[in-house]
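Read through the structure below, which is laid out as structure tokens, and then see the notes.
The values are calculated or read from the model by the stated rules, or taken from the named source; none is laboratory data. All values reported here derive from a predicted model rather than from experimental measurement. All Cβ positions, glycine included, derive from the backbone under ideal geometry; neighbour counts span all protein chains shown.
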Amino acid sequence: MEKGQYVIGIDYGSDSVRSVLVNTRNGEEVASSVFNYPRWGKGHYCDSANNQFRQHPLDYIEGLTATIKDCLAKAPGIDANDIKAIAVDTTGSTPVAVNEAGIPLALLPEFEANPNAMFVLWKDHTAVKEAAQINAHAATQTHNYLQYCGGIYSSEWYWAKLLHVLREDEQVREACYSWVEHCDWIPFLLTGATHIETMKRSRCAAGHKALWAEEFGGLPPNEFFSSLDPILDGFTSRLFTETYTSDVSAGNLSAEWAEKLGLSTEVKIGVGAFDAHMGAVGGQIEPYYLSKVMGTSTCDILVAPTTDIHGKLIKGICGQVNGSVIPGMVGLEAGQSAFGDTYAWFKQILAWPLNQLLEESAIIDAPTAAALKEEILSKIIPTLSKKAALLPQQLDDEVAIDWFNGRRTPDANQELKGAFLNLDLGSDAPRLFRALAEATCFGAKNIVNRFIAQGIPVKGLIGIGGVAKKSPYIMQMMADVLNMPIRIHQFEHTCALGAAMFASVVADIYPTVEEAMAGMGSGFDAEYLPVPENVAFYEQRYPLYSSLGKYIEEN
């Protein structure tokens, strides 16, 4: 390997984008930068009461520019010519309507404030009705087009969102030439492409969310969609047949973007993928270890040799796709629709007086009130964790259900709601927080149980993301609930590191993803082992969670 070879990995999350500049020799983070989406942060174009979550492409563009330039500014000793490739991961399914030139409609003056012309974030559930119709329609077909996505189509995914937007907005419908995932658009943008037909679509996104399958030779036929709703007639002809794994180059950095970023047009741009899939690579995933990317939601990734999966169809998960994580292996995806979001919701409940009343205080001035609010907010979750850990364990403790944003897996159902049981006048904030933490761990157990029941062994867990790094209380509880060890990857921006690993393969620095993982992986800095007495306790508690969940789902 030559000296002075660097790559940039870019990770688009739900609230921010982060870029890392990485030394390909050893995976060292030379510089990193995080940019919070300004429009998203102000709540623009969202309506949480109606499960509408939209993001403006300008947030993405501004974040891309700011973070890369910031990384370069933080590494003045590195020559721009030493940066060989850029790869990108994003949330998903987060698609957008584009014109024939591949421009998101929200970047056009007539659509700049129209939420339906913006990226439909993964957790947008406005398409619940459309997802139900897709599932009902698929059940009438002689061929099972849902067999590789767990048998159930979700409102979080590509086709449900497309159908909802086309039905809801005639102006967008007339202007929409194609429908594009966020992870496909960013490489398209960086390479300066000007026609949608030249876009290289991600195998990861297409296979897990858009019903693309090798067996079908692409997408389901036009007749499947036109008989679902005539509004979709002919749409597949404006989409794609071929898909690409993320070790493939989408092209070189365009002259315009090279000048804007201060880089060379020799920089290669990789085909994009979803954050958890690249995060699993950054976290050095191994066959049959479940990589849990724990952020606002969880996305759980498992890889297995193709020969092991041949003939197996795993029910109720978010897809099984050859090459979606590591080329040459089958990637299996599951996850929880709310994880960190569950704790954030409870924090906001507790913070209501701070947010609504503190600034009206007649006792302290406004700057002091703002500083006090910031201090208390930063301490809520850590203090709750400490207090919850000290509580005695009793079988009739409060029980919670973690479906605050529906259920992703097993068996997607975004109409389900969260719940508490066994509340009394002694149910204080630490007890409720403990119940929520336990519920998210039981939700993880449901996923592991499904894999095992379907003949896919789970040897252990790899924890990635903010919750994994910051909450020993929740990680120890998860190890106890699942009765298996959890290793926590030490790299802070693991998804961005995974993108950097793919970039190193795209740049021909490493010949394979596996070798990039071996050469650039930074290992693990913590491991949580099950505590036998806690394992026994949670085994007795789990049926309470299951029975409450069953009651909610049936009633």
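Residue check, TRP345 against (1) in contact with an Asp or Glu (Cβ under 7 Å, 6 or more places away or on another chain); (2) hydrophobic (A, V, I, L, M, F, W, C); (3) closer than 17 Å to GLY466 by Cα, all met but one. Which one?
Condition not satisfied by TRP345: (1).
Against the definition (exposed (fewer than 14 other Cβ atoms within 10 Å of the Cβ) and touching a residue at least 12 places away in the same chain (Cβ under 8 Å)), how does LYS347 come out, yes or no?
no
What number of residues within the stretch 272-302 are farther than 19 Å from GLN490 by Cα and more than 17 Å from the chain's Cα centre (by Cα)?
2
For LYS161, all conditions in the list (1) part of a helix (DSSP H, G or I); (2) under 26 Å from ALA499 (Cβ atoms); (3) touching a His at 6+ places or on another chain (Cβ under 8 Å) hold save one; what is the number of the exception?
Of (1) part of a helix (DSSP H, G or I); (2) under 26 Å from ALA499 (Cβ atoms); (3) touching a His at 6+ places or on another chain (Cβ under 8 Å), only one is false for LYS161: (3).
In the set ILE186, ILE196, which member is crowded, with 20+ Cβ neighbours inside 10 Å, farther than 18 Å from HIS56 by Cα and among the aliphatic types (A, V, I, L, M)?
Only one candidate passes the filter, namely ILE196.
With respect to ASN81, determine if the residue is surrounded by fewer than 16 Cβ atoms within 10 Å (Cβ to Cβ) and not hydroxyl-bearing (Ser, Thr, Tyr).
Yes, satisfied.
Consider GLY549 against the criteria (1) in contact with a strand residue (DSSP E or B) (Cβ under 6 Å, 6 or more places away or on another chain); (2) assigned to a helix (DSSP H, G or I); (3) surrounded by fewer than 17 Cβ atoms within 10 Å (Cβ to Cβ): it satisfies all of them except one. Which criterion is unmet?
(3)
Hey, does the stretch 5-12 have a residue that's outside any loop (DSSP other than H, G, I, E, B) and under 25 Å from GLU168 (Cα atoms)?
Within the stretch 5-12, none of the residues are outside any loop (DSSP other than H, G, I, E, B) and under 25 Å from GLU168 (Cα atoms).
May I ask you to verify whether ILE464 is in contact with a Gly (Cβ under 6 Å, 6 or more places away or on another chain), closer than 22 Å to SER337 by Cα and surrounded by 24 or more Cβ atoms within 10 Å (Cβ to Cβ)?
yes
Test each condition in (1) farther than 17 Å from GLY279 by Cα; (2) outside the structural domain of PHE404 (by TED's automatic domain parsing); (3) hydrophobic (A, V, I, L, M, F, W, C) for MET517 and report the one that comes out false.
(1)
Name the residues in the stretch 525-546 that are within 21 Å of GLU29 (Cα to Cα) and either at pLDDT 95 or above or surrounded by 13 or more Cβ atoms within 10 Å (Cβ to Cβ) (or both), would you?
Matches in the stretch 525-546: ALA526 only.
Strands (runs of 3 or more DSSP E) wholly in the stretch 224-303 with at least 2 residues that are of a type outside the set (A, V, I, L, M, F, W, C) and more than 30 Å from ALA344 (Cβ to Cβ) - which ones?
249-252, 268-270
For LEU228, state whether it is within 19 Å of ALA273 (Cβ to Cβ) and either touching a Lys or Arg at 6+ places or on another chain (Cβ under 7 Å) or touching a residue at least 24 places away in the same chain (Cβ under 8 Å) (or both).
Judged against the criteria, LEU228 is not a match.
Can you confirm whether SER522 is touching a residue at least 40 places away in the same chain (Cβ under 8 Å) and buried (at least 24 other Cβ atoms within 10 Å of the Cβ)?
In short, no.
Quick check on my filter: what residues within the stretch 1-24 are at pLDDT below 95 and under 19 Å from SER249 (Cα atoms)?
GLN5
Within the stretch 170-179, identify whether any single residue is crowded, with 24+ Cβ neighbours inside 10 Å and under 22 Å from the mean Cα position of the chain (by Cα), and answer yes or no.
Scanning the stretch 170-179, I find no residue that is crowded, with 24+ Cβ neighbours inside 10 Å and under 22 Å from the mean Cα position of the chain (by Cα), so the answer is no.
Does ASP59 fit the bill of being of a type in the set (Asp, Glu) and modelled with pLDDT under 95?
In short, no.
One residue is enough: does the stretch 172-195 have a residue meeting the conditions farther than 27 Å from GLY251 by Cβ and touching a residue at least 40 places away in the same chain (Cβ under 8 Å)?
yes
Given (1) in contact with a His (Cβ under 7 Å, 6 or more places away or on another chain); (2) touching a residue at least 60 places away in the same chain (Cβ under 8 Å), where does ALA106 come up short, assuming only one miss?
(2)
Condition first: more than 16 Å from ILE10 (Cβ to Cβ) and touching a helix residue (DSSP H, G or I) at 6+ places or on another chain (Cβ under 8 Å). Now tell me which residues in the stretch 485-508 satisfy that.
Across the stretch 485-508, the qualifying residues are PRO485, ILE486, ILE488, HIS489.
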